[in-house]
Amino acid sequence: MLNLNITRPDDWHIHLRQDAALATTVSHAAQQFNRVIVMPNCTPPIIDQESALKYRNHIITNIPSNYKTQFEPLLTIYLTDNTTIENIKHAAFDKNIIAAKLYPKGATTNSNSGVTNILKIYNILEAMEKFGLPLLVHGEVTDRNVDVFDRETVFIDKILTDIRIKFPNLKITLEHLTTKHGVDFVLNYNHNTAATITPHHLLLNRNDLLVDGFKPHYYCLPIIKDSPNQQALINAAVSGDPRFFAGSDSAPHVRSNKESACCPAGIYHGPNTVLVYTEFFDMQNKLDKLEAFISFYGADFYNLPRNTDKITLIKNNTVIPDNYNYLDNAIVPFWAGRTINWSFG
Ligand code: DOR
Ligand code: ZN
């Protein structure tokens, strides 16, 4: 049996939700990762240091006892039209807060408090650049007239390029990258610009989402793109370029909502994120590139030390469960019911 011994991974983009949800999501994350960057799109959103530290305490309370000493949630604050320079200063000097997240208002789940016009926060971006607080970007425009498949490309051209040029020392992570245009954007800048890539955007294209019936558990934002865009992401992930690293965007929604007339966006990886990434690198015959992608490059980008402990992955079947208990309902993970070739040692 093939064994892979790799440095313990981190997940540089995850949604843990809040309150009772944390019992499930924190346990699933702590089983695999040392560090996770926690998205702030809770209700109400995590908009400042005070709410971030409260949220952090709730998360920590939910870490299972055997992972208490190793699991570290890194918090983010949610940018709004009302974010102040003081908010940025406090966040930047708090080691528990790693970044601020830009949601264009209305772009996705719980983004109603998001930024309405990027020009309104240029002074905030300037402060982030000055105090060294990285910017995490949900890179989609929300204009109703822009096709949902083009929203990332239009965001890059109309909004992100100007930010990149105006704030050259601001660290920017283009989250959950979905297009070749996005890959090229990142490649165009030799430092301070990076992107996370999810397992699902690597493993799916829009035929998987839409042919033979719409698959609600493959619906997320930014929406899964076509095969040429998927191939550009695959090439970036296996290239060994440190500007591309793991961020699962694991985003739980209860089964009854996902399988309803208006399915919310979000794909849940639960405790299987590392196995699914491993399956992907194996399918590409690039297992030699897995460790750096999930365990090194994110830490390097955020100037954090690489983890020193190891995990073992074994080439042995795992059946992904049909669902997990979640809140008073169930949650269906990505690839539910499917047998994959990798398991934890
Ligand atoms: O699919 C998504 N789900 N994309 C996002 O940007 C947000 C996330 C969520 O919070 O459910
Ligand atoms: Zn997300």
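For the reader, a short list of remarks on this structure follows.
- Meets criteria (of a type in the set (K, R) and surrounded by 15 or more Cβ atoms within 10 Å (Cβ to Cβ)) for R338: no
- Residue that is farthest from N34 (Cα to Cα) [pool: residues in region 47-95 that are of a type in the set (D, E) and part of a loop (DSSP other than H, G, I, E, B)]: D81
- Meets criteria (within 16 Å of ligand 2 (Cβ to nearest atom), on the phi < 0 side of the Ramachandran plot, out of contact with any Cys (no Cβ under 8 Å at 6 or more places or on another chain) and assigned to a helix (DSSP H, G or I)) for H201: yes
- Taken together, the residues in region 237-252 that are touching a strand residue (DSSP E or B) at 6+ places or on another chain (Cβ under 6 Å), more than 16 Å from ligand 1 (Cβ to nearest atom) and in a loop (DSSP other than H, G, I, E, B) amount to 1.
- Residue in region 79-91 that is touching a residue at least 60 places away in the same chain (Cβ under 8 Å) and either within 15 Å of ligand 1 (Cβ to nearest atom) or in contact with a strand residue (DSSP E or B) (Cβ under 6 Å, 6 or more places away or on another chain) (or both) present: no
- Whichever residue in region 35-46 is outside any strand (DSSP E or B) and over 14 Å from D94 (Cβ atoms) and, among such residues, is nearest to ligand 2 (Cβ to nearest atom): M39
- Number of positions in region 174-232 that are of a type in the set (S, T, Y) and surrounded by fewer than 18 Cβ atoms within 10 Å (Cβ to Cβ): 2
- Which numbered condition I234 misses (of (1) away from ligand 2 (no atom under 16 Å from the Cβ); (2) in a helix (DSSP H, G or I); (3) in contact (Cβ under 8 Å) with a residue 60 or more places away in the chain): (3)
- Flag if Q32 is under 24 Å from A194 (Cα atoms), away from ligand 2 (no atom under 16 Å from the Cβ) and surrounded by 21 or more Cβ atoms within 10 Å (Cβ to Cβ): yes
- V186 meets the stated requirement of being more than 15 Å from ligand 1 (Cβ to nearest atom) and of a type in the set (A, V, I, L, M, F, W, C).
- Taking region 300-310 as the range and being of a type in the set (A, V, I, L, M, F, W, C) and touching a strand residue (DSSP E or B) at 6+ places or on another chain (Cβ under 6 Å) as the test, only F301 passes.
- Annotation note: Cβ proximity below 8 Å between a residue of region 163-176 that is within 17 Å of T196 (Cα to Cα) and touching a residue at least 60 places away in the same chain (Cβ under 8 Å) and a residue that is within 16 Å of ligand 1 (Cβ to nearest atom) and of a type in the set (F, W, Y) (sequence gap 6+ or interchain) occurs for T173/W12.
A quick yes/no check of all residues on (1) closer than 22 Å to T25 by Cβ; (2) part of a loop (DSSP other than H, G, I, E, B):
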residue	(1), (2)
A261	no, yes
D288	no, no
A292	no, no
T308	no, yes
I311	yes, no
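- Hits in region 8-28 (condition: touching a residue at least 60 places away in the same chain (Cβ under 8 Å) and either of a type in the set (A, V, I, L, M) or within 15 Å of ligand 2 (Cβ to nearest atom) (or both)): D11, W12, H13, I14, H15, R17, A20, A21, T25
- Qualifying residue in region 219-226 (condition: outside any loop (DSSP other than H, G, I, E, B) and either at pLDDT 95 or above or within 19 Å of the chain's Cα centre (by Cα) (or both)): no
- Residue pairs meeting the criteria (Cβ under 7 Å; at least 6 apart or on separate chains; first at pLDDT 95 or above, in region 250-266; second within 14 Å of ligand 1 (Cβ to nearest atom) and of a type in the set (D, E, K, R)): P252/R17; P264/K258
- Failed item in (1) closer than 29 Å to L290 by Cα; (2) in contact with a Cys (Cβ under 9 Å, 6 or more places away or on another chain), with A29 passing the rest: (2)
The values are calculated or read from the model by the stated rules, or taken from the named source; none is laboratory data. Just so it is clear, the model here is predicted, and its values are computed rather than measured. Ideal geometry is used to build each Cβ from the backbone, glycine not excepted, and the neighbour counts take in all protein chains shown.
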